[in-house]
Amino acid sequence: MSGTSAALKPPADAVKPVRHPEAPAPGELLGAHYEHCFGCGEGQPHGLHLQTRAGEGLRVTAEFTVKAAHQGAPGLAHGGVLATALDETLGSLNWLLRVIAVTGRLETDFVCPVPVDTLLHLDAEITAVHGRKIYSRATGRIGGPDGAVAVRAEALFIEVKVDHFIENGRPAEIQAAMADPDRAKRIRAFEVNP
């Protein structure tokens, strides 16, 4: 990425983290972290409905199809929607470490337009960890997983406790998510939203 800010460059003593032993297996579909998430939830009619899979090591892949509801300029994806797709994919990486983290910074390069009805292929990886800071990057391609680069991003996520969401979220949604009998869904509901 050209011109990456200093905030996204890991310090010299940052480490390459190790995939958590209970992380989803490579190829496993991660599913929505929260039903009403704009990025991955099925409960959002105009959401991205991003499908993310665990990859090898500290990688995930994802796909989403740009719909008419996602356009900015006529017939083209809105840049904010593309940034959301990158953010959602990057946030899913934290599930490989089994930590709850929120976006601290996201820098995006828009390389070429993405037309409506295009399938965007995303690939993301964690590059380093330093304390509570998780550094990562992602690329979005059109025309297939090895196609032309359309967008790319670098990000910094900050590990937080579930209290971050309890103290800042709307009580009704927090209570509903915490009442889910599925432990994995309860944990995943709070993994990426800032």
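The figures follow:
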item	result
Rounded to whole Hz, the Karplus (6.51, -1.76, 1.60) HN-Hα couplings of the range 135-147, x for glycine and proline	9, 8, 8, 8, 10, x, 10, 10, x, x, x, 10, x
Cleavage-rule hits (trypsin sites (Lys or Arg not before Pro)) in the range 1-101: DSSP loop, at most 14 neighbouring Cβ within 10 angstrom	ARG98
Paired Rg and Dmax values of the range 1-153, which use every Cα atom, in angstrom	15.1, 46
Amide hydrogen neighbours beyond the local backbone of GLN51, cut-off 5 Å, H modeled	GLU63
Efficiency of FRET from Cβ geometry, ALA25 and ALA73, R₀ 45 Å, rounded to 0.05	0.65
Residues with amide H under 5 Å from that of THR118, placed H, sequence gap 5 or more	VAL66
Packing rank of 125-136, 69-80, where each peptide gets the mean count of other beta carbons within 10 Å, highest leading	125-136, 69-80
Of LEU76, GLY31, VAL60, farthest towards positive along the dipole that unit charges on Lys, Arg, Asp, Glu beta carbons give the range 1-76	LEU76
Interchain or long-range residues, amide H under 5 Å from ALA150's placed H	GLY140, ARG141, ILE142
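Each value in this text was obtained by applying a stated rule to the coordinates, not by laboratory testing. Just so it is clear, the structure is predicted and the values come from calculations on it, not from any experiment. Positions of Cβ are backbone-derived with ideal geometry, glycine not excepted, and every protein chain shown enters the neighbour counts.
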